[in-house]
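**Q** Take a look at the following structure, please.
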Amino acid sequence: MYFRSQKTPVRLGFSTWGFEGDLVEAASIISKYFPVVEVFVRSLSHLNKIDVYGLKKLSVSYSVHAPEQASLTLPDEDGLKKSIKALQASIELAYVLDSDIVVFHSGRNYGEGSFERLVYALKKCCSTAESYGVYLCLENGWGRGLVHTLEQIRRVLDEVGSDYLKATLDTGHCFIAGIDPLKEYENNYDIVFEIHLHSNYGNSDDHLLPHVGLLDLEGLVDILQGKMFNRYVVLEVKTGKNPEEFIAYAKEELERYFV
């Protein structure tokens with residue numbers, strides 16, 4: 001599925017975030033409609049239970065979303081060590097799945113020392129990422145998260161100093177943080193390695209399909225095309241009670257913007 005007027009090699013994907021139940025079954029359904037599956041790891045304990053063999057049977061490319069509980073800003077030393085190990089395990093999972101992307105959240109803003117702990121943790125994790133050839137992609141957050149903007153992520157990247165640390169632009173989170181995702185991408189496109197595509201009305205993290213809500217999807221497609229974006233654009237949306245029917249509908253709608 002390519003851009004309309006120019007075959008820029010961006011590939012659309014779909015996250016297992018919106019599914020309940022078996023991960024391999026979710027990935028199998030997605031694989032019928034999209035060439036990329038983002039494996040959303042639901043918890044720290046889930047990391048050790050993933051059916052890697054079942055996932056590798058599917059003819060898709062993967063990205064991995066590390067557990068949200070892995071907070072790299074924790075003031076508790078034991079908790080921080082556990083979070084670092086969880087992100088490192090996510091890197092290993094990506095490597096086994098022949099993926100080069102792990103998306104992760106910074107963790108909450110605990111005040112003084114939060115930024116420094118994030119940098120410390122990422123220096124350790126980037127060493128692992130470099131050894132496996134996997135890119136860590138820090139996602140912009142909102143609310144109590146430490147980083148809300150790509151400029152803040154750029155500062156993290158500068159402090160860590162690793163070529164294997166990039167950014168994930170989450171379009172829905174931008175609206176909740178009062179940011180225009182199109183301008184955010186235009187001003188920081190050089191650090192964006194993956195895009196999470198979903199929308200809302202600015203009040204809550206609704207994870208709606210991108211052609212509804214506040215997102216100017218046509219405008220975003222034009223900007224991505226102009227910047228020759230050639231990485232994954234992953235839908236992170238709620239699938240409802242009939243996931244396959246919903247995904248088929250999502251693909252049909254997106255084909256109005258991506259071809």
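**Q** With point charges of +1 on the Cβ of Lys and Arg and -1 on the Cβ of Asp and Glu, referenced to the Cα centre of the chain, which listed residue (LEU197, CYS126, VAL96) lies farthest in the positive direction of the dipole?
**A** Selected residue: VAL96.
**Q** Evaluate 2.2 N^0.38 Å with N set to the residue count of the stretch 11-254, then give the Cα radius of gyration divided by it. Write out the running numbers ahead of the final one.
**A** On the way: Rg = 16.8 Å, N = 244, 2.2 N^0.38 = 17.8 Å.
Taking N as the residue count of the stretch 11-254, the ratio is 0.95.
**Q** Here's something else I'd like to know. Past 25 Å, Cα to Cα, is the threshold; run LYS57/LYS85; LYS166/LYS227; LYS32/LYS241; LYS82/LYS241; LYS82/LYS123; LYS32/LYS56 against it and keep the listed order. Could you put the intermediate results ahead of the total?
**A** Values: LYS57/LYS85 27 Å; LYS166/LYS227 17 Å; LYS32/LYS241 18 Å; LYS82/LYS241 34 Å; LYS82/LYS123 15 Å; LYS32/LYS56 15 Å.
In this structure, LYS57/LYS85; LYS82/LYS241 exceed 25 Å between Cα atoms.
**Q** Here's something else I'd like to know. How large is the dipole of the stretch 11-254 about the Cα centre if only Lys and Arg carry +1 and Asp and Glu carry -1, each at its Cβ, rounded to the nearest 20 debye? Walk me through the numbers before you get to the answer.
**A** Values: 23 positive and 36 negative charges, 117 e Å.
Dipole magnitude for the stretch 11-254 comes out near 560 debye.
**Q** Something else now. Among ASP98, ASP22, ASP216, which one shows the highest mean-square fluctuation when the chain is modelled as a Gaussian network with alpha-carbon springs under 10 Å?
**A** ASP22
Computed from the coordinates by the stated procedures, all read-outs in this text should not be read as laboratory data. The structure presented is a predicted model; accordingly, all values stated were derived computationally and were not measured. With ideal geometry, Cβ positions are generated from the backbone for all residues, glycine too; neighbour counts draw on all protein chains shown.
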